[in-house]
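Chemist: Dumping the structure here so I can ask a few things about it.
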Amino acid sequence: MADSSPNRKKIIEALLTLLADQPIERIGLGDIAAAAGVSLAELRGEFSSVFSILAAHMKEVDRQVLAAD
């Protein structure tokens, strides 16, 4: 991940795992925090919403694709 916080990586990976089983509309920050093994306060210290977590993932994917060129 471009932002190297261990919690950021765990949070993003937790969201992706949850998305494999349910739509984004059914996933809350508490669900993500629990799946990532972090407190809700720690999650909120990194991200403000479910969509900001998804945006961080998309930004990292873009960075990796551009770096491969």
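The values are calculated or read from the model by the stated rules, or taken from the named source; none is laboratory data. All of these numbers come straight from a predicted model, not from anything done at the bench. FYI the Cβ positions are ideal-geometry reconstructions off the backbone, even for glycines, and counts take in every protein chain you see. Remember, those area values only see protein heavy atoms, side chains included, never the ligands or the DNA or RNA. Shrake-Rupley method; radii C 1.70, N 1.55, O 1.52, S 1.80 Å.
Chemist: For the chain, what does the accessible surface come to per residue with a 1.4 Å probe? Please give it in Å².
Modeler: 63
Chemist: Would you mind working out the magnitude of the charge dipole of the stretch 1-63 relative to its Cα centre, with +1 at each Lys and Arg C-beta and -1 at each Asp and Glu C-beta, to the nearest 20 Debye?
Modeler: About 100 debye.
Chemist: Short version: ³J(HN,Hα) in whole Hz for each residue of the stretch 13-23, in order, from phi by Karplus 6.51 cos²θ - 1.76 cosθ + 1.60 (θ = phi - 60°), x for Gly and Pro, what are they?
Modeler: Going residue by residue, I get 5, 5, 4, 4, 5, 5, 5, 5, 10, 7, x Hz, with x marking Gly and Pro.
Chemist: Further question on the same structure: In angstroms, what radius of gyration and Dmax does the chain have, counting Cα atoms only?
Modeler: 11.9, 38
Chemist: How many nm is it between the label spots at ASP69 and THR17, if each spot is 7 Å from the Cα in line with the beta carbon?
Modeler: Distance between label points: 3.4 nm.
Chemist: With axes computed from alpha carbons, what is the tilt in degrees of helix 50-68 against the longest principal axis of the chain, rounded to the nearest 10 within 0 to 90?
Modeler: 20
Chemist: Given the Cα-Cα distance of VAL61 and ARG26 and 0.36 nm per residue of separation, how much length would full extension add, in nm?
Modeler: 10.2 nm
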